[in-house]
Amino acid sequence: MTQETIALSIVVIAFISLGIRFFWLCVAGPLSQKLLKRGRVKWAMALRRRAKQGGAGCDGCR
Amino acid sequence: MKGERKTRLGSLKKGDQALITQVGNAESSIELVERLLEIGILEGSRVEVVHEAPFGKDPIAVRVRGSLVALRRHEANAIEVEIL
Amino acid sequence: MGNEGIENNFQMRNPQPQVALAGNPNCGKTALFNAITGGRAKVGNYPGVTVERKEGHVLTASGLNLSVLDLPGTYSLDARTPDELITRNILLGIQTNEKNPDVLVAVADATNLERSLGLVFELCLIGKPIVLVLNMMDLAKKRGLELDLEILSQQLGVPVIPTVAVRKNGISELLYQVERLLASESAKRTLLEWKKPTTQEIRQRFAEIDRILALCTRQMPRPTVWTDRMDRVVLHSFFGPILLGLIFAAIFQVIFIWATQPMEWIKSAMNQFGRWVGLWMGPGPLQSLITDGMIAGMGSVLVFLPQILFLFTFILLLEDSGYMSRAAFLMDRLMGKVGLNGRAFIPLLSSFACAIPGVMATRTIENRRDRLITILVAPLMTCSARLPVYSLLIAAFIPNKILWRGIRLQGVVMFLLYVFGVISALLVARVLKGTVLKGKKPLLLMELPTYKWPSPKNIFIGLIERSKLFVRRAGTVILSVSIVLWFLSSYPKPPQSQIPRSESAISYSYAGRIGKAMEPWVKPIGFNWKIAVALIPGFAAREVMVGSLATVYAVEGKSEEPSPEALPKTLSAQLSRDWSLATALSLLVWYVLACQCLSTLAVTRRETGSWKWPAFMLTYMTGLAYLGSFLTYHFAVSLGLG
């Protein structure tokens with residue numbers, strides 16, 4: 001494995017982790033609203049709960 | 001002669017001592033009265049104005065029922081007292 | 001409020017017994033919590049509101065693993081604030097996703113039973129098994145309290161335990177009682193209720209308390225002497241504000257001077273680490289990623305840990321000792337003049353460390369309008385995450401002169417930046433008050449607690465909590481962002497045939513292209529494309545800005561010299577070479593005013609319940625920042641600093 005391959009795989013991981021963070025922070029909320037409207041209550045509630053618990057980066061940042 | 005000087009807590013000056021005769025009057029909201037009672041400002045308690053804030057002597061800090069409570073004179077005007 | 005199906009599920013999935021602590025503010029509940037759980041707590045938020053949720057665990061002497069929930073301090077259960085509502089909901093078992101605690105521990109301040117028993121009464125009426133804790137018993141006894149615990153317990157119908165939380169006295173007895181109650185019949189009872197009391201009922205409550213106290217106390221504690229003596233100075237009309245000003249000034253000088261040595265240590269440690277990596281693996285993309293991306297990025301942020309710790313130490317000291325509420329008392333009139341609540345003082349002061357807990361602290365402001373205004377201006381208070389950029393730019397552009405008796409010019413400039421932040425916050429609050437809907441003026445009414453020696457242990461626990469959170473933030477977001485930025489700055493590489501001069505290498509990459517595209521937008525305020533590039537990841541978290549600048553210049557610097565040293569000292573040298581003073585000033589002003597914190601927006605959304613307000617916050621702050629930078633830049637250029 002060359003240096004470059006390792007480096008680039010790390011970059012990909014970083015991208016993904018930021019993407020996940022972004023998802024929970026910004027997308028999950030409105031997405032759960034949309035799901036509710038379409039009648040997918042279960043998914044929407046599951047999304048909401050995860051979003052409020054784990055999503056936003058600075059819980060209890062006192 | 002009994003010190004029959006009735007006034008409101010909001011009008012007292014630093015160092016004045018008084019007896020609370022009524023918490024809540026025509027101008028005060030119920031919410032204010034509830035909060036005052038909960039924090040221990042009750043009829044029959046002695047109250048003393050211990051501090052006045054700089055920049056205008058408002059708010060004031062009063063000693064009542066074992067604690068030191070800060071409130072604005074406007075809020076204190078909900079409390080009727082008799083000066084001792 | 002709740003979805004009962006989900007809530008019951010929760011009960012079944014979590015059979016671990018839970019005990020909840022409730023009591024007035026300032027009764028030493030936190031110290032009690034720390035004493036029981038050893039200070040290890042999971043801190044978070046209740047979903048839907050931004051009330052802090054603190055939960056810990058304790059292993060009792062008989063081997064039972066208890067969950068301990070620290071409820072917010074309140075004076076009553078009448079839900080005027082989210083704190084009170086959450087407390088009440090949890091105790092009644094109707095809070096979503098929250099288990100109904102099995103046993104309630106009511107904490108009362110032994111030095112002020114006449115008042116602190118008020119909440120205890122309300123708690124007893126709910127119907128849960130309950131233990132009464134009389135905390136700060138040592139202080140009460142020292143002040144002359146003579147109390148018959150038996151009679152008190154009899155009258156109230158609950159077990160009573162005296163404790164001295166800061167010395168861990170009484171904890172084992174408390175846990176023993178808790179276990180007894182868990183095993184008893186009353187724990188099975190499920191009929192819980194609460195009715196809003198009328199004002200007459202509140203009076204009766206206290207009359208009853210007085211009656212009971214008359215029965216069981218032979219002597220009440222004498223009033224304190226020291227608190228009054230100190231207040232004579234602290235709350236003095238003239239000396240009070242001066243003391244307050246001195247405290248602020250001290251905080252800033254300490255942060256700027258005393259923190260320098262530990263910061264140097266961290267810097268050289270990072271440097272050393274980078275060198276090792278370079279030796280261990282040969283040059284190449286991975287080595288560059290690690291040294292220029294990860295180490296440079298994270299290091300330039302971790303380096304500010306000492307400053308942040310100092311700041312938090314001050315805030316915790318002021319809170320723990322009881323000074324904070326006096327500061328709010330002194331400031332109330334002034335705050336009122338700009339339309340802010342006296343209680344807004346503490347959230348805004350907390351925002352000096354980080355706007356996120358500041359925004360969360362606004363929950364104590366009952367009036368919705370005042371709370372909104374405070375939330376919207378909290379990010380303008382210079383938060384600690386701005387310090388890296390300020391320090392960097394000040395080090396690069398402000399000469400290191402000593403003005404007068406050890407007071408440095410650089411420290412003064414830093415102080416002025418803080419002042420600028422505060423002034424802009426006050427002005428914006430004023431403006432908002434004129435445009436946001438009018439409402440009734442909120443109440444100040446608050447207790448000034450007796451002064452306490454701050455407990456070093458509790459402060460230490462608090463500091464550990466915060467530094468863990470800060471490092472975790474640096475560890476995850478900032479690390480990922482540094483990596484991504486490194487990638488954007490290094491790829492695509494210019495073709496081999498072209499000899500890489502310092503300018504062209506980075507301008508060829510993705511990052512460079514994005515920056516160049518943004519350049520026309522930022523040119524009027526004096527920024528170049530490199531700044532534009534660094535601002536984008538800087539949006540995710542303010543601290544990242546320095547790291548991203550470091551990365552941009554490090555990657556660039558690499559093409560000039562063989563040894564990559566991208567840490568702040570060399571960075572500031574490069575910046576002072578590359579930027580004009582006008583640009584630096586413009587960037588400073590931008591940083592004071594701009595909204596560069598995704599997490600603040602997220603918390604604002606949680607706190608206000610909709611995206612409307614965070615969107616508004618982002619728009620107005622960006623607009624304000626642009627305007628401020630524009631004016632600053634052109635003014636500076638006109639003075640010949642361009």
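The values are calculated or read from the model by the stated rules, or taken from the named source; none is laboratory data. All values derive from a computational prediction rather than experimental measurement. As a convention, Cβ positions derive from the backbone with ideal geometry for all residues, glycine included, and neighbour counts pool all protein chains shown.
Okay, residues lined up against (1) among the aliphatic types (A, V, I, L, M); (2) at pLDDT below 90; (3) in contact with a Gly (Cβ under 7 Å, 6 or more places away or on another chain):
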position: C:N8; (1), (2), (3): no, yes, no
position: C:R40; (1), (2), (3): no, yes, yes
position: C:S62; (1), (2), (3): no, yes, no
position: C:V68; (1), (2), (3): yes, no, yes
position: C:T74; (1), (2), (3): no, yes, no
position: C:L91; (1), (2), (3): yes, yes, no
position: C:I94; (1), (2), (3): yes, yes, yes
position: C:V107; (1), (2), (3): yes, no, yes
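Restricting attention to the range C:386-432, the residues being aliphatic (A, V, I, L, M), over 24 Å from the mean Cα position of the chain (by Cα) and within 20 Å of C:D578 (Cα to Cα) number 5. Pull up the range B:67-83, narrow it to residues that are surrounded by fewer than 21 Cβ atoms within 10 Å (Cβ to Cβ) and in a helix (DSSP H, G or I), then point me to the one that is farthest from the other protein chains (Cβ to nearest Cβ). Looking at the filtered set, the residue picked out is B:R73.
The residue pairs whose first member lies in the range B:9-32 and is without any contact (Cβ under 8 Å) to a residue 40 or more places away in the chain, whose second member is in a helix (DSSP H, G or I) and surrounded by fewer than 16 Cβ atoms within 10 Å (Cβ to Cβ), and whose beta carbons are closer than 6 Å, counting only pairs six or more residues apart or on different chains, do not exist in this structure.
Anything in the range C:278-297 that is of a type in the set (A, V, I, L, M), in a helix (DSSP H, G or I) and either closer than 13 Å to A:A7 by Cβ or within 11 Å of chain A (Cβ to nearest Cβ) (or both)? List them, or say none. Please lay out each step first, then the result.
Just the residues of the range C:278-297 that are of a type in the set (A, V, I, L, M), to begin with: C:279, C:281, C:286, C:289-290, C:294-296.
From what's left, in a helix (DSSP H, G or I): C:279, C:286, C:289-290, C:294-296.
Matches in the range C:278-297: C:L286, C:L289, C:I290, C:M294.
Among the residues making up the range B:29-66, those that are among the aliphatic types (A, V, I, L, M) and assigned to a helix (DSSP H, G or I) are B:I30, B:L32, B:V33, B:L36, B:L37.
Answer with yes or no whether C:E122 is within 28 Å of C:P223 (Cα to Cα) and either part of a strand (DSSP E or B) or not polar (S, T, N, Q) (or both). Even if it seems obvious, please write down each step before you answer.
Values: within 28 Å of C:P223 (Cα to Cα): yes; either part of a strand (DSSP E or B) or not polar (S, T, N, Q) (or both): yes.
It is true that C:E122 is within 28 Å of C:P223 (Cα to Cα) and either part of a strand (DSSP E or B) or not polar (S, T, N, Q) (or both).
From the list C:V422, C:V484, the one residue that fits, being in contact with a Pro (Cβ under 8 Å, 6 or more places away or on another chain) and modelled with pLDDT of 75 or more, is C:V484.
List every residue pair whose Cβ atoms lie under 7 Å apart, where the two residues are 6 or more positions apart in sequence or sit on different chains, the first residue falls within the range A:1-16 and is more than 8 Å from every other protein chain (Cβ to nearest Cβ) and assigned to a helix (DSSP H, G or I), and the second residue, located anywhere, is among the β-branched types (V, I, T) and surrounded by 16 or more Cβ atoms within 10 Å (Cβ to Cβ). Going by the 7 Å Cβ cut-off, there are no qualifying pairs. For the range C:309-321, the criterion of a residue being of a type in the set (F, W, Y), in contact with a Ser or Thr (Cβ under 9 Å, 6 or more places away or on another chain) and in a helix (DSSP H, G or I) is satisfied by at least one position. Residues of the range C:224-248 that are touching a residue at least 40 places away in the same chain (Cβ under 8 Å) and not aliphatic (A, V, I, L, M): C:T224, C:W226, C:T227, C:D231, C:G240, C:P241.
Of all residues in the range C:581-601, which are part of a helix (DSSP H, G or I) and under 24 Å from the mean Cα position of the chain (by Cα)? If the condition is that a residue be part of a helix (DSSP H, G or I) and under 24 Å from the mean Cα position of the chain (by Cα), then C:L588, C:V589, C:W590, C:Y591, C:V592, C:L593, C:L598, C:S599, C:T600, C:L601 are the ones that fit. When the range B:7-23 is limited to residues that are of a type in the set (S, T, N, Q) and part of a strand (DSSP E or B), the one that is nearest to the other protein chains (Cβ to nearest Cβ) turns out to be B:Q22.
Applying the set (1) part of a loop (DSSP other than H, G, I, E, B); (2) modelled with pLDDT of 85 or more; (3) among the basic types (K, R) to C:R275 leaves exactly one unmet item: (1).
The single condition among (1) over 30 Å from C:A214 (Cβ atoms); (2) out of contact with any Pro (no Cβ under 9 Å at 6 or more places or on another chain); (3) part of a strand (DSSP E or B) that C:V19 does not meet is (2).
Specify which of the listed residues (C:K99, C:K142) is more than 30 Å from the chain's Cα centre (by Cα), of a type outside the set (A, V, I, L, M) and at pLDDT below 90.
On the way: C:K99 fails: more than 30 Å from the chain's Cα centre (by Cα).
That would be C:K142, the only listed residue that is more than 30 Å from the chain's Cα centre (by Cα), of a type outside the set (A, V, I, L, M) and at pLDDT below 90.
Which of the residues belonging to the range C:151-166 are over 11 Å from C:I130 (Cα atoms) and free of Cβ contacts under 8 Å to residues at least 60 places away in the same chain? Selection gives C:S153, C:Q154, C:I161, C:P162, C:V164. Scanning the range B:24-66 for residues that are surrounded by 14 or more Cβ atoms within 10 Å (Cβ to Cβ), more than 9 Å from chain C (Cβ to nearest Cβ) and more than 28 Å from C:V233 (Cβ to Cβ) yields a single hit, B:S28.
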